[in-house]
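Asks: The structure is given below, and queries will be raised subsequently.
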Amino acid sequence: MTDRDDWGSRLRTDRPHSARVWDYLLGGKNHYPVDSQAGELILKTFPEFAAIARVQRRFLERVVRFLARDAGIRQFLDIGTGLPTTCNTHEVAQGIAPESRIVYVDNDPIVLAHADALLVSAPEGKCAYLDADVRDPQKILTQAAHTLDFDQPVGLMLLNIMGQVSDEEEPERIVAELIDALPRGSYVALSDGTATNDQLQAAVEAYNAQSVNTYHLRSPEHIGSFLRGTRLVEPGLVRSADWRPDPDSAGTPQEQGHAVGAVGLKE
């Protein structure tokens, strides 16, 4: 369910893109000079930004581990997956339950170009990639139904993606549509950067001024409101680094702050 024919025409190498800048901050290789330049500008303004990227990746690992091991989830819908890196959703989930099914969703053409790395499923399970935008939840749900059974619980992953949707684009409505389509017993994991630091705000504004897409920092309370209608599992909405941390994962205060996350259960 990917359209590779036009990905080259959609690829913008003259302006930075969030997935490629994120890849640079995580130490990846799938980016262009314009993306590394944007990454360096962000780090110059807010040096802790790369640490936030690492914290968010570890949050994904812990959430998927919880969902697969403790909650018994065997289906995952990962929207805004970004470029393949280590410990992708299917690797963590199928490492616990090989029969897990995962649908990745992104609209960045370079992610589409590297989608094959996201589709190496365990033989017992299945992986699929959708070339779609979070702003079109009905398209996502319709196409994901070719791989996922929406009569059975699903783990919906919305990590670092709703911040890319402006308030005018109604992120609350988008999340509500996605949650409404999930059966009871499903979980929703959500995390984004917070508007709690002036330097971080300045770094994001500098990035937005030159990027193909923009990012919108919000208050922790605003981010948490996206999960209205679900019951937050312990410890609720907290800093991403504080959500069920591994015993050996203590980091610096800079690494621990500036992003929040939560997992909600649809009852």
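Asks: Looking only at residues that are in contact with a Ser or Thr (Cβ under 8 Å, 6 or more places away or on another chain) and either among the acidic types (Asp, Glu) or at pLDDT 75 or above (or both) in region 1-27, which one is farthest from ILE110 (Cα to Cα)?
Replies: TYR24
Asks: Let me ask another. Considering every residue within region 96-109, establish whether at least one is within 19 Å of the chain's Cα centre (by Cα), surrounded by fewer than 20 Cβ atoms within 10 Å (Cβ to Cβ) and of a type in the set (S, T, N, Q).
Replies: Yes, the conditions are met somewhere in region 96-109.
Asks: Same structure again: Under the condition of being under 24 Å from ILE174 (Cα atoms) and of a type in the set (Ser, Thr, Tyr), which residue from region 228-250 is modelled with the highest pLDDT?
Replies: THR230
Asks: Right, next: Just the residues that are polar (S, T, N, Q) and out of contact with any helix residue (DSSP H, G or I) (no Cβ under 6 Å at 6 or more places or on another chain), please, taken from region 200-232.
Replies: Result: GLN201, ASN208, GLN210, SER211, SER219, SER225, THR230.
Asks: Consider ASP151 carefully, then state whether it is surrounded by 15 or more Cβ atoms within 10 Å (Cβ to Cβ) and in a loop (DSSP other than H, G, I, E, B).
Replies: Spelling it out, it is not the case that ASP151 is surrounded by 15 or more Cβ atoms within 10 Å (Cβ to Cβ) and in a loop (DSSP other than H, G, I, E, B).
Asks: Okay, moving on. State yes or no: is LEU141 more than 17 Å from LEU67 (Cα to Cα), in contact (Cβ under 8 Å) with a residue 24 or more places away in the chain, touching a strand residue (DSSP E or B) at 6+ places or on another chain (Cβ under 9 Å) and crowded, with 24+ Cβ neighbours inside 10 Å?
Replies: no
Asks: Residue under question is ASP246, and the condition is that it be under 30 Å from SER36 (Cα atoms), not in a helix (DSSP H, G or I) and not basic (Lys, Arg); does it hold?
Replies: Against the criterion (under 30 Å from SER36 (Cα atoms), not in a helix (DSSP H, G or I) and not basic (Lys, Arg)), ASP246 does not qualify.
Asks: I would also like to ask the following. THR194 passes all but one of (1) among the polar types (S, T, N, Q); (2) within 21 Å of PRO47 (Cβ to Cβ); (3) surrounded by fewer than 19 Cβ atoms within 10 Å (Cβ to Cβ); (4) at pLDDT 90 or above; which number fails?
Replies: For THR194, the exception is condition (3).
Asks: Being under 21 Å from GLU168 (Cβ atoms) and in contact with a Ser or Thr (Cβ under 9 Å, 6 or more places away or on another chain) narrows it down to one of SER219, SER191, SER225, so name that one.
Replies: SER219
Asks: Next question. Test ASP108 against the stated conditions and say whether it is modelled with pLDDT of 95 or more and charged (D, E, K, R).
Replies: It is false that ASP108 is modelled with pLDDT of 95 or more and charged (D, E, K, R).
The values are calculated or read from the model by the stated rules, or taken from the named source; none is laboratory data. Remember, predicted model here, so these are calculated numbers, not experimental data. Reconstructed Cβ throughout: ideal geometry from the backbone, glycine too, with neighbour counts over all protein chains shown.
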